[in-house]
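The values are calculated or read from the model by the stated rules, or taken from the named source; none is laboratory data. This is a predicted model, so every value here is computed, not measured. Here Cβ is always computed from backbone atoms with ideal geometry, including for glycine, and neighbour counts include all displayed protein chains. Side chains included, ligands, DNA and RNA excluded: accessible areas come from the protein's heavy atoms. Shrake-Rupley method; radii C 1.70, N 1.55, O 1.52, S 1.80 Å.
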Amino acid sequence: MRASMRTLGAWAVTAALAACGGSTPPVETGGNTQPTHDPPLDSSPPRSGPEPAPSAEMDAGVKAFDAGSYADARKSFEAASKKNPSNFLALFDLGQACEKLGDKPAALAAYRAALAAKPDLDTAAAALSSMYIDAGQNDDALTVAKAGLANHPGSAALHENLGIALASRGDQDAALQELEAAVKAQPTEPMYHLTLAHWMNAGHVRGAAPHLDAAKDLVKDDYGLLVSIGFEYRLAGEFDSCVKLFDRIVGMKDGGEARTDRALCKLGMKDEKGTFADLQAAVAKEPTYAPGHYYLAGRLASTKHYKEAAAEYAKYLELAPTGSLAKPAAERLKLAQEAAKAPKK
């Protein structure tokens, strides 16, 4: 398989924590709570038309890309595409190199040019629709993904992108159909299971747990993705599975994030003692992890330890003055300070 047709890389799934004010905390809204791109791309070769002839520029570009020298790879792919403007492989690879370099406008232009040279290039359609989704251009993503599926109806990546674009527009039923099609087309890809589970949770549709179970088993030891799966277990109300998974995660890396997330799962099980113990451990093991202080403050306030709660809210604000929880932290700090000064009854 050519290097240019490999996947674009693992997703970074950023899962927002939940506010710790009750038995089932509301979701923090400051972070990105949905799986983000780049998604895995189908790696099948183009179905029609001959591949461009090999060239020294392409060979040099692939070698540089594989070595992580993306600037050099970009130069080589640019040279190959100038030499042969219809070289869709060079254009697609150029888009990948530009993405690695963070040059999104150039990457978009390269993927569009690749599709202009070869309209049925599913990898370019998937990459371009992914970038449109990330930019919030859901109408453009829909157009590209639908056109790509017309040529490649079995493309898991294009079904997934179409599903996300539909979900982002509020078309839940059609979105879930597309995301289910992605899972069916490529059942061994954990990201498709995780994305489907996320949007099921977002739409309050039951049935996310089996997909989270599948994703958990497929991911194996990827810390970041396991944390994201644990987050979705909690949103699905699968608190026992959530705690068990975070037991495993804490064993891999015991720190503020894992301890805080496990605490929130335990809170969903109404295990107040376990919740408090994990939050205390979170701030002790990683004092700079701001959310741990916020959620510990909530538990302290719930047991009327207002002075201690105020100190934890203040610590959160010191560490994350513009964080997504800064506004409620400031409000609760004031209430805790007032409660601490109030005469005891």
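Looking across the stretch 125-183, the residues that are part of a loop (DSSP other than H, G, I, E, B) and either within 21 Å of E99 (Cβ to Cβ) or touching a helix residue (DSSP H, G or I) at 6+ places or on another chain (Cβ under 7 Å) (or both) come down to A135, G136, Q137, H152, G154, S155, R169. Checked against the criterion of being touching a Lys or Arg at 6+ places or on another chain (Cβ under 7 Å), of a type outside the set (F, W, Y), closer than 16 Å to E78 by Cα and modelled with pLDDT of 95 or more, the candidates L108, L101 yield just one match: L101.
For the stretch 244-277, how many residues are under 25 Å from the mean Cα position of the chain (by Cα) and either in a helix (DSSP H, G or I) or of a type in the set (A, V, I, L, M, F, W, C) (or both)? Counting residues in the stretch 244-277 that are under 25 Å from the mean Cα position of the chain (by Cα) and either in a helix (DSSP H, G or I) or of a type in the set (A, V, I, L, M, F, W, C) (or both) gives 22. In summary, E57 fulfils each of the numbered conditions (1) touching a Ser or Thr at 6+ places or on another chain (Cβ under 9 Å); (2) open to solvent by less than 20 Å² (accessible area, probe 1.4 Å); (3) not β-branched (V, I, T) with the single exception of condition (2).
The set of residues in the stretch 111-124 being in a helix (DSSP H, G or I) and either of a type outside the set (V, I, T) or more than 25 Å from the chain's Cα centre (by Cα) (or both) consists of Y111, R112, A113, A114, L115, A116, A117, D122, A124. Checked against (1) within 30 Å of K341 (Cα to Cα); (2) open to solvent by 20 Å² or more (accessible area, probe 1.4 Å), R299 passes all but condition (2). Of all the residues in the stretch 80-98, those that are surrounded by fewer than 17 Cβ atoms within 10 Å (Cβ to Cβ) and either touching a helix residue (DSSP H, G or I) at 6+ places or on another chain (Cβ under 7 Å) or at pLDDT below 95 (or both) number 3.
So that you can scan it fast, the table gives a plain yes or no per residue for (1) touching a residue at least 40 places away in the same chain (Cβ under 8 Å); (2) crowded, with 16+ Cβ neighbours inside 10 Å; (3) out of contact with any Lys or Arg (no Cβ under 8 Å at 6 or more places or on another chain):
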| residue | (1), (2), (3) |
| --- | --- |
| E180 | no, yes, yes |
| M191 | yes, yes, yes |
| L194 | yes, yes, yes |
| N201 | no, yes, yes |
| H204 | no, no, yes |
| P210 | no, no, yes |
| L225 | yes, yes, yes |
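Considering the stretch 128-153, and only residues there that are of a type outside the set (S, T, N, Q) and touching a residue at least 40 places away in the same chain (Cβ under 8 Å), the residue that is surrounded by the fewest Cβ atoms within 10 Å (Cβ to Cβ) turns out to be D134. Taking the stretch 244-286 as the range and being touching a residue at least 24 places away in the same chain (Cβ under 8 Å), open to solvent by 20 Å² or more (accessible area, probe 1.4 Å) and within 17 Å of A209 (Cβ to Cβ) as the test, only M269 passes. Would you check if there is a residue in the stretch 322-344 being touching an Asp or Glu at 6+ places or on another chain (Cβ under 7 Å), assigned to a loop (DSSP other than H, G, I, E, B), among the hydrophobic types (A, V, I, L, M, F, W, C) and under 27 Å from M200 (Cβ atoms)? Within the stretch 322-344, one or more residues are touching an Asp or Glu at 6+ places or on another chain (Cβ under 7 Å), assigned to a loop (DSSP other than H, G, I, E, B), among the hydrophobic types (A, V, I, L, M, F, W, C) and under 27 Å from M200 (Cβ atoms).
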